[in-house]
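The values are calculated or read from the model by the stated rules, or taken from the named source; none is laboratory data. Nothing here was measured: the structure is a model prediction, and the numbers come from that model. All Cβ positions, even for glycine, are placed from backbone atoms using ideal geometry, and neighbour counts span all protein chains on display. Remember, those area values only see protein heavy atoms, side chains included, never the ligands or the DNA or RNA. Shrake-Rupley method; radii C 1.70, N 1.55, O 1.52, S 1.80 Å.
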There are 2 protein chains.
Amino acid sequence: MEYPSRVLSRAVEQISTLPGIGQKTALRMALHLLRRDSQDILSLASAIESLAREIHYCPTCHNICDEGECDICADKNRDSSTICVVEDIRDVIAIEQTGLYRGVYHVLGGKISPMEGIGPADIEIESLTRRIAENTINEIIFALSSTIEGDTTAYYIYRTLPKSIDIKVTSIARGVSIGEEIQYADQMTLARSIRNRIPYENTL
Amino acid sequence: MEYPSRVLSRAVEQISTLPGIGQKTALRMALHLLRRDSQDILSLASAIESLAREIHYCPTCHNICDEGECDICADKNRDSSTICVVEDIRDVIAIEQTGLYRGVYHVLGGKISPMEGIGPADIEIESLTRRIAENTINEIIFALSSTIEGDTTAYYIYRTLPKSIDIKVTSIARGVSIGEEIQYADQMTLARSIRNRIPYENTL
């Protein structure tokens, strides 16, 4: 598409590289920005620039942070012997929002996917193995997506765990969502819900 | 929502000020950016920054441009005696894409809307009047939206045109879209299509 200004063209082209944003939406956003104060536009630009310049990754769990260790790893009140293994930073955010988990995390940054050419070496598995070897870890919780890739990743990690160390390995529970009607649950989920049923007293 | 990094929080907050972007989408975009090369992130940031620093408006027609007059006003091959009055830069882009119009434009930057507190002085009407008074203008084409606000704006401009000058004033044709089925056209549009019917030979 031709735009009346080179600067606008470049902005539209750049904004449309964002996921889910086409040319028309990008143009709408660019023109929306033009109607704002230039100070507002600069704030957005600088916030995005900071993503490139100021974001760090926690050397322990690979969660993002501003400097040094992430807040979760640095928090002395958290149980560093329990590691929840997740694919993505968004999973950390989601689990943190429950306010229920007091252990620490390990962000893999993806999952093993031969179809996409992602092997064990492409995600943070080695650093997890090292972390387990060098620290006292009591439990590993898998909170990976229940897809072939997620299952493969969990199984791969499970197999690489040293036999010599006594670690409890768990996976988050799968089942019919709270609020979901039984009749509308998919078969796989419902089957898993029945197979992994728990004592009724535990739900009280 | 709490994010593991101050920098990420700020990026999410800023991105979510874009139209149609909520917190979740903004987070997805920010994390998507983090997976890219930092050079890519900086390109986006700088393209947005340019919107604040490098965009100019054409002093004649108020279309955006990079410097001086816009390409359309500067183009000696265009008929500067025909002015198409539009609300928005997007309208200019849309009309230019037809490749059919050889006149020039006047971008009002909005329409008169008492409900939103936008009066004639808030949009580029005075500069249009001045442009008409100071140049030889043969035709004014209204290409405004067919809403109460669009109609009001057209009528207001029509009334301010100097009676002493002989200017043809036209409005773009409204009617059933090409490809649209007659039975699904809305009543108002269909009525307008019938009232403003044209000789069949003109469509050949």
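Tabulated data for the structure shown
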| quantity | calculated |
| --- | --- |
| Cα-based shape type of the protein assembly as shown, given that a ≥ b ≥ c are square roots of the gyration tensor eigenvalues and the cut on a/c is 1.5 | prolate |
| Order by protection proxy (mean Cβ within 10 Å, highest first), peptides A:118-127, B:11-20 | B:11-20, A:118-127 |
| Of all accessible heavy-atom area on the protein assembly as shown, the percent that carbon and sulfur account for (1.4 Å) | 50 |
| Residue-averaged beta-carbon neighbours from other chains (10 angstrom radius) around A:14-23 | 5 |
| Distances in nm from B:Glu180 to the matching label points in the other copies, shortest first (labels 7 Å along Cα to Cβ) | 4.3 |
| Residues of chain B: accessible area per residue with a 1.4 Å probe, Å² | 59 |
| Cβ-based net charge around B:Glu139, under 10 Å, with every Lys or Arg adding one and every Asp or Glu removing one | 0 |
| Other-copy label distances relative to A:Asp79, 7 angstrom Cα-Cβ extension, nm | 8.0 |
| Mean Cβ count within 10 Å, highest first, over the residues of peptides B:42-51, A:69-78 | B:42-51, A:69-78 |
| Protection-proxy order for peptides A:23-30, A:163-170, each taking the mean of Cβ atoms within 10 Å per residue, highest first | A:23-30, A:163-170 |
| Cα-Cα over 27 Å, subset of A:Lys76/B:Lys24; B:Lys76/B:Lys168; A:Lys24/B:Lys24; A:Lys76/A:Lys168 | A:Lys76/B:Lys24 |
| Environment charge of B:Ala74, counting only residues whose C-beta is closer than 12 Å and scoring Lys/Arg +1, Asp/Glu -1 | -3 |
| Chain B residue with Cβ closest to the axis mapping B onto A, distance in whole Å | B:Ala45, 2 |
| Label spacing, shortest first and in nm, from A:Glu116 to its equivalents in the remaining copies (7 angstrom along Cα→Cβ) | 4.0 |
| Area of B:Glu134 that stays accessible when all protein chains are in place (1.4 Å probe, Å², to 10) | 130 |
